[in-house]
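Novice: To start, I am sharing the structure in question, which I have written as C-alpha cells.
Derivation of every value follows stated rules applied to the coordinates shown; laboratory data play no part. These figures come from a predicted structure and were not determined experimentally. Cβ: placed from backbone, ideal geometry, glycine included. Neighbour counts: every protein chain shown.
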Amino acid sequence: MKMLKTAALLIKKDIQLEKNTGQLSGSILLFALLAGTIFSMAFLPGQDQLSNFFPGIYWFTQIFAVMLVLNRSFIRDTENSCQTAILMAPITREMLLLARIFANYLLFLLLTAIISPVLFILFDAFPVSGPLWLLPIVLLVNYGLAATGSLLAALATSTRISDILLPVLLLPILIPLILAAIETTRALYFSQLDYDQLFFWLLFMLIYNIISTLISYLLAPYLMTE
Amino acid sequence: MIAGKNRISDYKISNLKFSRDGLNIINNISMELSPGQITALFGPNGSGKTTFLKLLAGIWTPDSGEISWLNKSNLKDFNIGYIGHELFLYKDLTARENLEFFGQLYNTNDLNKKIKNLIKEAGLELWLNEPVRKYSRGMQQKLTICRVFLNSPDLLLLDEPFTGLDSKSTNFLIKLITQNKEIPVLFTSHNLRQGFKLADNWLILKAGKIIEYSQKQNNNTLDTFIKNYNKILAGDLLDEDA
C-alpha cells in the first residue's frame, strides 16, 4: 500500500511538473511523428513486407521515446537534490524504487497510447490476427522497460554522464525483451496466429520482468543514493 | 504545534566512522542529542561537518558505528528534518505543489492547515501558487525551511542554515526553532557569534573528530569560546566572523 501511495505521489508530481513546463509531452509527440514519418518514408517500397519490419519500427520508436522520458524524469529529481529529500522519506529504498518502476510503467503505457495510433496510421499497419493480443504484449513489454529502465536510470543518474550512459547500459540489457516484443508483435501480422510462438514469448517476457524486478529490489539500497 | 509525535529523548551516536576514497572523514564520533537542546557544530572547511550531518540524516551510510533512538537503529523510524546546501525543491512546481508533495510523502497530518500557517509565517502567501523558479534565493530558502518544519520533524539537522539568509529570514528560522524547543537541533555554522548565541551546547570538529564539547551552563562567554576555538584550531584558516 505504501509503495502504491508513493507511486501515486510520484506520478502526480510528474504530471504537475509536465503541466507546468510541457517539456516532455510535446517533444515525445513530435518525436513519434518524426520517427514514424522517417521510417514510413524509408520503408515505403517494402510495404508488402509489413509483418517483417513494422514490429521492429514500432518497438524501437517506443524504446527511444522511453529513454528520453526516463533520463528526463530522473534528472528532474536530481536537480536541487530533490532525490535526497525523497530518499529521506519514511519509506525504504526498495519500496521507493518499486514505486518509481510503477510510476514509470504507467507513464510508458501512456506513451504507447500516444505513439501507437501515430505509427498504425502512418504505416497503415493494424494487426490482422488477434489484435486484442496486442494488449498483453504492450503491458508486459512496458513493464520490462520500466523495471530495467528505472534500475539503470537510478544507476546512470548518480554519474555525471547519465544521458550517454543510460542508452549504453540499457540497450544491451533490453535485447531479450526487444526480441520478445518484436516476435510476439510479428505473430499478430500473419493471417494465422501461431499461439505456440505467442505464448512462448509472452512467458519469456513474464520471466524477464520477474527477474528485472527482483534485481531492482535487491540493488535498490545501493542504487537509490544521493 | 509543529513538532512530531515521536519525541527523541535519547538520540545516541556511537563510534561513527566514515571514509571515502581511502580518506577517513569521520573518525569514531560518539555523542548524544536531547530534546530541548540546540547543539552547534563548528569547525574549519573540510573538517567533516556536512558529512557528519548526512550520516545522521541517513543520506549516507556509515562504515561502522551506530545511530539509535531508544534502541531503534532504523533511521526510517525517525522523522528527520534536514536542511543542506541544496534547496530540495522542484523549481518547476509551485510552492503549494512542492509542500503538498513532500508533506504527503512524509505522511504529514493536517497538511493544508500546516501549509497555510507556515506560508503565512514566512510571508509567502502571495507567492504560494507561483513556480519556485520565480522566487529569489532568499524566498527559496524560506520555502525550504517551511518544507522541513511541515513534516513535524523529531530531529533537526541544519547544515549552515543561515548562509545567504537576510535578517528577516534568519529571524523566521530562529523563531521556528525556538517555537519548537522540544525538537533536538544540531546545526553547523561558520558564524561563531550567531552559533554561540543560539545554541545550548557547542562542538568543535577537526579532521573528523570532536575535539571540544562545551555547554552553556559552564558559564562560557563568547570571548572565551572564540579564544578557545582559535587556540584549538591554531594553524587553520579562521572565519572572518570569528
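Novice: Could you work out the relative contact order of chain B? I mean the mean sequence separation of Cα pairs under 8 Å and 6+ apart, divided by the number of residues, in percent.
Specialist: 30
Novice: Using only the alpha-carbon atoms, how far is helix A:195-223 inclined from the longest principal axis of chain A? Give it as 0 to 90 degrees, nearest 10.
Specialist: 20
Novice: For a quick size check, give me the Cα extents of segment B:146-191 along its three principal axes, largest first, whole Å.
Specialist: Answer, in whole Å and largest first: 25, 19, 17 Å.
Novice: Let me ask something else about it. Would you calculate the separation in nanometres between label points at residue A:110 and residue B:168, each defined as 7 Å from the Cα along the Cα-to-beta-carbon direction?
Specialist: It works out to 3.7 nm between the two label points.
Novice: Taking R0 as 25 Å, what FRET efficiency do you get between residue B:207 and residue B:74 from their Cβ-Cβ distance, rounded to the nearest 0.05?
Specialist: It comes to 0.25.
Novice: Using the alpha-carbon centroid of each, what span in Å lies between segment B:14-53 and segment A:147-166?
Specialist: 31
Novice: Per the helix-only calculation at 222 nm, which mean residue ellipticity applies to the protein assembly as shown, given -39500 (n - 2.57) for every DSSP H run of n ≥ 4 and division by its residues, nearest 500 deg cm²/dmol?
Specialist: Helix contribution divided over all residues of the protein assembly as shown: -19000 deg cm²/dmol.
Novice: Classify segment A:101-160 as rounded, prolate or oblate from the Cα gyration tensor: take a ≥ b ≥ c as the square roots of its eigenvalues, call it rounded if a/c is under 1.5, otherwise prolate when a/b beats b/c and oblate if not.
Specialist: prolate
Novice: With Kirkwood's inverse mean 1/r over C-alpha pairs for Rh, give me the Rg to Rh ratio of segment A:1-100, two decimals please.
Specialist: Using Cα coordinates only, the ratio equals 1.13.
Novice: Still on this structure, I have one more. Could you work out how far helix A:93-123 tilts from the main Cα principal axis of chain A, as a 0 to 90 degree angle to the nearest 10?
Specialist: Relative to chain A, helix A:93-123 is tipped by roughly 30 degrees.
Novice: Okay, moving on. Roughly how far apart, in whole Å, are the Cα centres of segment A:13-28 and segment A:93-133?
Specialist: About 18 Å separates the Cα centre of segment A:13-28 from the one of segment A:93-133.
Novice: Now for a separate question. Explain nothing, just the number: dipole magnitude of the protein assembly as shown about its Cα centre with +1 on each Lys and Arg Cβ and -1 on each Asp and Glu Cβ, in debye rounded to the nearest 20.
Specialist: 1240
Novice: Tell me, what are the semi-axes, in whole angstrom and largest first, of the equivalent ellipsoid of chain B as set by the roots of 5 times the Cα gyration tensor eigenvalues?
Specialist: 30, 21, 17
Novice: Here's a follow-up. For segment A:2-223, what are Rg and Dmax over the alpha carbons, in angstrom?
Specialist: Cα-based Rg and Dmax for segment A:2-223 come out at 17.8, 57 Å.
Novice: By the gyration tensor of its Cα atoms, with a ≥ b ≥ c the square roots of the eigenvalues, what is the shape of the protein assembly as shown: rounded for a/c under 1.5, prolate for a/b over b/c, or oblate?
Specialist: The shape class here is prolate.
Novice: Take every Cα pair under 8 Å in segment A:2-223 that's 6+ residues apart, average their separations, divide by the length, and report that relative contact order as a whole percent.
Specialist: Relative contact order of segment A:2-223: 29 percent.
Novice: Compute the helix-to-body angle for A:50-78: its Cα long axis versus the longest principal axis of chain A, expressed 0 to 90° and rounded to tens.
Specialist: So the helix axis and the longest Cα principal axis differ by about 10 degrees.
Novice: Can you list the HN-Hα couplings for segment A:178-190, worked out from phi with the Karplus curve (6.51, -1.76, 1.60; θ = phi - 60°), rounded to whole Hz and with x for Gly and Pro?
Specialist: 4, 4, 5, 4, 5, 5, 5, 5, 4, 4, 7, 9, 9
Novice: Once the cut-off is 26 Å, how many percent of the Cα-Cα pairs in segment A:92-226 end up in the long-distance tail?
Specialist: Distances greater than 26 Å cover 28 percent of the Cα pairs.
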